[in-house]
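The values are calculated or read from the model by the stated rules, or taken from the named source; none is laboratory data. As the structure is a prediction and not an experimental result, all values here were calculated from the model. A quick note on method: Cβ atoms are made from the backbone with ideal geometry, for glycine too, and the neighbour counts reach across all protein chains shown. For accessibility, only protein heavy atoms count, side chains too; no ligands or nucleic acids. Shrake-Rupley method; radii C 1.70, N 1.55, O 1.52, S 1.80 Å.
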Amino acid sequence: MFSGKPKLFDFPQRGVAVRFALIFAAMLGISAAVAAALYLVEVRLQTAALRNSQRQHVDAQADFVAADLKLVASDLMILAEGKTLAALLADRTSDSRSNLAEEFRLVAQQKRLYDQLRFLDDQGQEAVRVNFQGGEPLIVAENNLQSKRDRYYFQQTSQLGKGEIYISPFDLNVENGQIEQPSKPTIRLATPVFDSLGQRRGMVIINYLGTNLLKQLERAAANQPGHIMLLNSDGFWLLGPEPQKQWAFMYSNRQELSFAAEFPKAWAQLCIADRGQFRSRGGQFTFSTVYPARQLRDRSATRPPVAGGAAAADSDYAWKLVSYIPPDRMAAQTRPALANILWLLGAVTLLLGGVSWFLARSLVAQREARQRLIEQQRLAAIGAAMTALSHESRNALQRSQSGLEMLARRLGDNPQLHELLAEIQDAQYHLRDLYEEVRDWAVPVQPRPEEVDLRQLAQSVWQQLQQQRTSPGDAFQLRGEADTICHVDRRMMGQVLRNLFENALAAAAPAEVTVEFQDAAPPGTLRLIIADWGPGLDDEQRLRLFEPFYTTKTHGTGLGMAISRRLVEAHGGRIFLAESESEGNRAAGARVVIELPRRSL
Amino acid sequence: MSAGLKIAVADDEALIRRYFVDILPDLGHQVLAAAADGRQLVEACTSMPVDLVITDIRMPEMDGIEAAVEICLQCPTPIILVSGYHDEDLIQRAGQTHIMAYLVKPIEKADLATAIPLARQRFEQIQQLEVETGRLRQSLEDRKLIEKAKGLLMKGTGLGEEEAFRSMQTISNNKNQKLVEIARQILAAESTIDHFRP
């Protein structure tokens, strides 16, 4: 049906949309590129900062481990070179023995870091032994002392010179061939003991509880983004993120649970340098190597040079202190930056949207204003030319007309000559009509408004046209309840309606014309929809309908619709083509919409 | 009624003048004068009475509207203007005189065939209306005089209103004079008597 808001060919709006899209895309592209660059720089800076802090962290922890060992070593040396032990060596009485045991007990109690403190004689027999017992140091009774002659640490330490320290691998304490439960991560430090004659008399051994060291490392790493790991020379975890994978080398059934097996590439990189930083499988590794034996040897560097195969071999024993940031944590590091950038980009996008829309609109408005100005200038020039032409053309046409009529009187009754004359008269009429219409179109439009009922006007214009119509059967209908009283120029609006009706009548016989009146926005606007059920318009006709001098009729100037548009616009209204709509199975014809302020003038 | 009019035409173009001279007789009219400007037209109309004037507006010496005004001052005549101009000022000026039609060039025989009788008819209607207006004005004047005389009569003789009026009518019938004449005589007599009153 006819009701409802007509769909419009809103070309200016489409122009705005296209320009908006172009400007917005360009601006968005630039800002996205800038945002991406910012993000990359930010990520780089953050990564660099992270690498730095990781480096410092790992270095500090490596220093801490070394320092810790040095403290143990100094305790060891104090005990080994102290007067109490020397007294025992000089005179092995139960008193001197219990004096040493008491000294050992005291150290164990105060330090709380040593699981066992022992003195072994040169045969490997325990002479004094204190067990820490979880906080209650106990001097082991003489009959419970064992021979450790066959143990590797006895063998190794027996070959060291004075002042040299043996340091065992970091492992779990084994008692009577079984891994002690709960497990006790242990490092044994031992140093040979000589009497005043330089005779080798045995060794002092400290079982250092590594738990403390490991806890210390874990605590320090708690507020770091990475996991701290301590690996032994074979790539097994001494400390790692997964407790069940720690100390796997101690168990024959867990040999495959090593860092070296899980991260072979990273392990290879860890092995080729003492210190470094690299990325592998998306994670970040920072590592330092701790050489316990070397640290202790350096400590004793002030002493006479120390030789000895065992110590030299041990000096290659190393721990790798590694801080590992897994891929997901790495991503998490840069996520806040990404979020910030995205927020910023979002805000900028909104802003750019607004700016683009504004720019697009002003561009289109500017273009339209320019076109209007050009059109106005053109019309003014044509108007001036037409006004100048008007008088002379009318006089010339009058002369021509007069001549024709005078000639007709003198022709006699030669029908052929009269026929020719009629042709000239036709041409004369056509010329006259053309001039009049062009003049109409060119002269300035100055409406003289009065109260006009457009419904009545439409009716009377239709009736006038019907009087000239030769073919019968035309149908005319007025629809809509809107108030049709408008303050307009009666002659001009009559001309507009006449033009539209004439077009409809020319398009079909019998013709059917409907005029619907509606209220439109803004308030006080009257909308007229003039529809016919003729053949309608093709695309070209739709585009060029309001163009001056465009016509599909053999007669006529093609100014009718252009003039109509000027007249409507002079009233502050607009006229345009609506999308045609079909009603039932009838194809729709042309639908012209006029929107007119009821009082604009 | 409007057949066979005596028409004066004016146009600065010779061909157009010839056209009128040629065509108007076909419509049963007689062209008394064909003037080339407004001055000539006024002179022609002064020298002999015409039934209708057809004139161009823009002409040398005196334009068509000025000429029309002058002609109508001497003797009311219907005027048809024929012009190449079609602007509001001219139409406004044209409205002021006895201008019966305003035709925009180019015109043809058919235009004249309808415009001339129409102009003449409208002119005659206006003339008739003017005569009628004059007659009504006169009878209003007469009525006033009769009333005044009747008043005098009532005062002088002591007659009632009806009797005074009836006696004036009787005098009018007896003397075979109009009632207003009798009233005038009564008033004249009264003013003469007044003159001699102390």
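Go through the range A:167-187 and give me each residue that's free of Cβ contacts under 8 Å to residues at least 60 places away in the same chain and among the charged types (D, E, K, R).
The first filter runs over the range A:167-187 and keeps only residues free of Cβ contacts under 8 Å to residues at least 60 places away in the same chain, leaving A:168, A:173-178, A:180-182.
Once the filter is applied, which keeps residues that are free of Cβ contacts under 8 Å to residues at least 60 places away in the same chain and among the charged types (D, E, K, R), the range A:167-187 yields A:E175, A:E180.
Could you grab me the full set of residues in the range A:567-591 that are in contact with an Asp or Glu (Cβ under 9 Å, 6 or more places away or on another chain) and at pLDDT 75 or above? Give the steps one after another, and end with the answer.
Taking the range A:567-591 as the starting set, the residues that turn out to be in contact with an Asp or Glu (Cβ under 9 Å, 6 or more places away or on another chain) are A:567-568, A:570-571, A:573-576, A:588-591.
Listed by number, the residues that qualify are A:L567, A:V568, A:A570, A:H571, A:G573, A:R574, A:I575, A:F576, A:G589, A:A590, A:R591.
Checking A:A26 against (1) surrounded by 12 or more Cβ atoms within 10 Å (Cβ to Cβ); (2) modelled with pLDDT under 90; (3) not polar (S, T, N, Q), which single condition isn't satisfied?
(2)
Could you figure out which of (1) open to solvent by 10 Å² or more (accessible area, probe 1.4 Å); (2) within 20 Å of A:A60 (Cβ to Cβ); (3) hydrophobic (A, V, I, L, M, F, W, C) isn't true of A:F194?
Tallying (1) open to solvent by 10 Å² or more (accessible area, probe 1.4 Å); (2) within 20 Å of A:A60 (Cβ to Cβ); (3) hydrophobic (A, V, I, L, M, F, W, C), A:F194 fails exactly one: (2).
Would you check if there is a residue in the range A:223-236 being aromatic (F, W, Y) and in contact with a strand residue (DSSP E or B) (Cβ under 7 Å, 6 or more places away or on another chain)? I'd like the intermediate steps shown before the answer.
At the first step, the residues of the range A:223-236 found to be aromatic (F, W, Y) are A:236.
Pick out the ones that are also in contact with a strand residue (DSSP E or B) (Cβ under 7 Å, 6 or more places away or on another chain) and you get none.
No, the range A:223-236 contains no residue that is aromatic (F, W, Y) and in contact with a strand residue (DSSP E or B) (Cβ under 7 Å, 6 or more places away or on another chain).
Per-residue answers, yes or no, for (1) within 55 Å of the chain's Cα centre (by Cα); (2) away from chain B (no Cβ under 14 Å); (3) among the aliphatic types (A, V, I, L, M); (4) open to solvent by less than 40 Å² (accessible area, probe 1.4 Å):
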site	(1), (2), (3), (4)
A:V348	yes, yes, yes, no
A:L352	yes, yes, yes, yes
A:S356	yes, yes, no, yes
A:L359	yes, yes, yes, no
A:A369	yes, yes, yes, no
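Say we look at the range A:393-415 and pick out the residues that are of a type in the set (A, V, I, L, M) and over 11 Å from B:I107 (Cα atoms); which of these is nearest to the other protein chains (Cβ to nearest Cβ)? Give the steps one after another, and end with the answer.
So in the range A:393-415, the residues of a type in the set (A, V, I, L, M) come out as A:396-397, A:404, A:406-408, A:411.
Filter once more, so that each one left must be over 11 Å from B:I107 (Cα atoms): A:396, A:404, A:406-408, A:411.
On the way: A:A396: 9, A:L404: 8, A:M406: 5, A:L407: 10, A:A408: 9, A:L411: 13 Å.
Out of the qualifying residues, it is A:M406.
When you go through B:L152, B:L129, B:L159, B:L140 one by one, which is the residue that is over 30 Å from A:N395 (Cβ atoms), away from every other protein chain (no Cβ under 14 Å) and in a loop (DSSP other than H, G, I, E, B)?
B:L159
When only residues in the range B:45-67 that are among the charged types (D, E, K, R) and more than 14 Å from chain A (Cβ to nearest Cβ) count, which is surrounded by the fewest Cβ atoms within 10 Å (Cβ to Cβ)?
Kept after step one, since they are among the charged types (D, E, K, R), are these residues of the range B:45-67: B:51, B:56, B:58, B:61, B:63, B:66.
Within this subset, residues satisfying the condition of being more than 14 Å from chain A (Cβ to nearest Cβ) are B:51, B:61, B:66.
Values: B:D51: 19, B:E61: 15, B:E66: 18.
Per the criteria, the residue is B:E61.
Kindly check whether there is at least one residue in the range B:108-125 that is within 14 Å of chain A (Cβ to nearest Cβ) and not in a helix (DSSP H, G or I).
Taking the range B:108-125 as the starting set, the residues that turn out to be within 14 Å of chain A (Cβ to nearest Cβ) are B:108-113.
Next cut, not in a helix (DSSP H, G or I) only: B:108.
Checked the range B:108-125: at least one residue is within 14 Å of chain A (Cβ to nearest Cβ) and not in a helix (DSSP H, G or I).
Go through A:Q116, A:Q56, A:Q61 for me and flag whichever is modelled with pLDDT of 90 or more, under 30 Å from A:D171 (Cα atoms), open to solvent by 30 Å² or more (accessible area, probe 1.4 Å) and polar (S, T, N, Q).
On the way: A:Q116 fails: open to solvent by 30 Å² or more (accessible area, probe 1.4 Å); A:Q61 fails: open to solvent by 30 Å² or more (accessible area, probe 1.4 Å).
From the options A:Q116, A:Q56, A:Q61, the qualifying one is A:Q56.
Could you grab me the full set of residues in the range B:68-99 that are more than 14 Å from every other protein chain (Cβ to nearest Cβ), of a type outside the set (S, T, Y) and touching a strand residue (DSSP E or B) at 6+ places or on another chain (Cβ under 6 Å)? Working first, answer last.
Let us first name the residues in the range B:68-99 that are more than 14 Å from every other protein chain (Cβ to nearest Cβ), namely B:68-80, B:93-99.
Subset that is of a type outside the set (S, T, Y): B:68-76, B:78-80, B:93-96, B:98-99.
Result: B:A68, B:P78, B:I79, B:I80, B:A94, B:H98, B:I99.
Take the range A:379-392 and flag every residue that is surrounded by fewer than 17 Cβ atoms within 10 Å (Cβ to Cβ) and either within 13 Å of chain B (Cβ to nearest Cβ) or of a type in the set (D, E, K, R) (or both).
Passing the criteria: A:T387, A:A388, A:L389, A:H391, A:E392.
Of these, B:V9, B:V21, B:V31, B:V42, which one is part of a strand (DSSP E or B), free of Cβ contacts under 8 Å to residues at least 40 places away in the same chain and either within 14 Å of another protein chain (Cβ to nearest Cβ) or among the hydrophobic types (A, V, I, L, M, F, W, C) (or both)? Write out each step before concluding.
Details: B:V9 fails: free of Cβ contacts under 8 Å to residues at least 40 places away in the same chain; B:V21 fails: part of a strand (DSSP E or B); B:V42 fails: part of a strand (DSSP E or B).
Exactly one of B:V9, B:V21, B:V31, B:V42 is part of a strand (DSSP E or B), free of Cβ contacts under 8 Å to residues at least 40 places away in the same chain and either within 14 Å of another protein chain (Cβ to nearest Cβ) or among the hydrophobic types (A, V, I, L, M, F, W, C) (or both), namely B:V31.
Just to check your reading of the model, which residue among B:K175, B:K105 is within 14 Å of chain A (Cβ to nearest Cβ) and either in contact (Cβ under 8 Å) with a residue 12 or more places away in the chain or farther than 30 Å from B:G4 by Cβ (or both)?
Details: B:K175 fails: within 14 Å of chain A (Cβ to nearest Cβ).
Result: B:K105 is the single residue among B:K175, B:K105 that is within 14 Å of chain A (Cβ to nearest Cβ) and either in contact (Cβ under 8 Å) with a residue 12 or more places away in the chain or farther than 30 Å from B:G4 by Cβ (or both).
Can you list the helices (runs of 4 or more DSSP H) lying wholly within the range A:452-562 that have 3 or more residues being closer than 20 Å to A:E579 by Cα and open to solvent by less than 40 Å² (accessible area, probe 1.4 Å)?
Details: elements: A:454-468, A:490-507, A:539-544.
The helices (runs of 4 or more DSSP H) meeting that bar are A:490-507.
I need the full set of residues from the range A:119-134 which are on the phi > 0 side of the Ramachandran plot and open to solvent by 10 Å² or more (accessible area, probe 1.4 Å), in order please.
Residues of the range A:119-134 that are on the phi > 0 side of the Ramachandran plot, as a first pass: A:124, A:133-134.
Once the filter is applied, which keeps residues that are on the phi > 0 side of the Ramachandran plot and open to solvent by 10 Å² or more (accessible area, probe 1.4 Å), the range A:119-134 yields A:Q133, A:G134.
Restricting to the range A:366-384, name every residue that is among the aliphatic types (A, V, I, L, M) and either in contact with a Ser or Thr (Cβ under 6 Å, 6 or more places away or on another chain) or without any contact (Cβ under 8 Å) to a residue 12 or more places away in the chain (or both).
Residues of the range A:366-384 among the aliphatic types (A, V, I, L, M): A:369, A:373-374, A:379-382, A:384.
Passing the criteria: A:A369, A:L373, A:I374, A:A380, A:A381, A:A384.
Step by step: first the residues of the range A:281-295, then only those that are open to solvent by 10 Å² or more (accessible area, probe 1.4 Å) and within 28 Å of the chain's Cα centre (by Cα), then the one that is modelled with the lowest pLDDT. Which residue is that?
Step by step, filter the range A:281-295, then rank; the result is A:G282.
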